[in-house]
Amino acid sequence: MALLEVNDLSVAFVQYVRGFRQQQAQVLHGLSLSVDSGEILAVVGASGSGKSLLAHAILGILPVNARARGSLRFRGEELTPERQQALRGSEIALVPQSVQYLDPLMRVGRQVRDAVRTGDPAEAQRSVFERYRLKPGTAALFPFQLSGGMARRVLVSTATVSGARLVVADEPTPGLDPAVVAEALGSFRELADEGCGVMLISHDIESALAVADRVAVLYAGSVVEIARAEEFAGAGEALRHPYTRALWRALPQNGFVPLRGSQPPANALPAGCAFAPRCAYADASCTAERPGERALRGGMVRCIHAS
Ligand code: SF4
């Protein structure tokens, strides 16, 4: 049994247009994936592919005008809104994209102590700061007094002391220098090695691959491939979807091969496969209907021609 199962998740936003007419803009389209205890699942894709919405749907913090369908299960049980609220910050922790998530008016030591669910909060905070090489004096500082790297370590500390079984890290390393990125990602690897499940959401596929076990690739609100991290190798021969291969080949060390065109807005998808306008392998059958998910070589793909 997976720690977290997301099955056929769709999210739409209700919007009001002229004359108070209501319309729905669908931004996640039948998305399915899972996270096991002890693994890091990286969720990668370009900006606008729906990565953060997925995180917010799991935590139950979607905006009020969002409508979600599909099933979320945590430790085998349905993740209802009530259960999401009860587990948020305890069994399911978020490491957010912005360090502004920290309360600007509260000393960071207190913020970490408040996240402790069992045991002595002061001891837990001291020990987690030591683990993440935050000097003892850091506890008395306010968020504005921290460097970007220190603030990241405080956020990871908060997730760690909460004793969460599932950590959802939503773009946890933006704007950090490579050494700090490696350190932050290393801390997620440690959490996974201790038995935690980690969903690492990132646009930076190269960094994510350094610590991930599996990778789910999002494109225009759908997961188009789930692959093992070791399949990202060579010229990408082991990868299943043309978009995943294009992402891989666009990296500097893999030839910097550009991908023509741009991702369509999730609420204005072309007919059939959303990737068809950019795909070198597209034919008439690709625009007939949206490719379904199918298991292939131990992973998953949404491409009718993948073999
Ligand atoms: S279904 Fe067709 S257009 Fe879509 S990725 Fe596969 S080959 Fe390309």
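The values are calculated or read from the model by the stated rules, or taken from the named source; none is laboratory data. Here the structure is a predicted model, which means the values were calculated and not measured. Here the Cβ positions follow ideal geometry from the backbone for every residue, glycine too, while neighbour counts run over all protein chains shown.
For the reader, a short list of remarks on this structure follows.
- Number of the condition not met by ALA271 [criteria: (1) farther than 13 Å from ILE304 by Cα; (2) within 16 Å of the ligand (Cβ to nearest atom); (3) in a loop (DSSP other than H, G, I, E, B); (4) under 23 Å from the mean Cα position of the chain (by Cα)]: (4)
- Taken together, VAL14, VAL64 contain a single residue that is at pLDDT below 90 and farther than 16 Å from ALA216 by Cα, which is VAL14.
- Residues in the stretch 236-248 that are crowded, with 17+ Cβ neighbours inside 10 Å and either outside any loop (DSSP other than H, G, I, E, B) or free of Cβ contacts under 8 Å to residues at least 12 places away in the same chain (or both): PRO242, TYR243, THR244, ARG245, ALA246, LEU247, TRP248.
- Complete set of residues in the stretch 80-97 that are part of a loop (DSSP other than H, G, I, E, B) and either basic (Lys, Arg) or without any contact (Cβ under 8 Å) to a residue 40 or more places away in the chain (or both): THR80
- Top-ranked residue of the stretch 293-306 - restricted to ones that are more than 8 Å from the ligand (Cβ to nearest atom) and either of a type in the set (Lys, Arg) or in contact with a Gly (Cβ under 9 Å, 6 or more places away or on another chain) (or both), ranked as nearest to LEU31 (Cα to Cα): GLU293
- Lone qualifier among PRO258, PRO264 - being more than 12 Å from the ligand (Cβ to nearest atom), surrounded by 15 or more Cβ atoms within 10 Å (Cβ to Cβ) and either at pLDDT below 95 or part of a loop (DSSP other than H, G, I, E, B) (or both): PRO264
- Residue match in the stretch 283-303 (condition: surrounded by 17 or more Cβ atoms within 10 Å (Cβ to Cβ) and part of a helix (DSSP H, G or I)): yes
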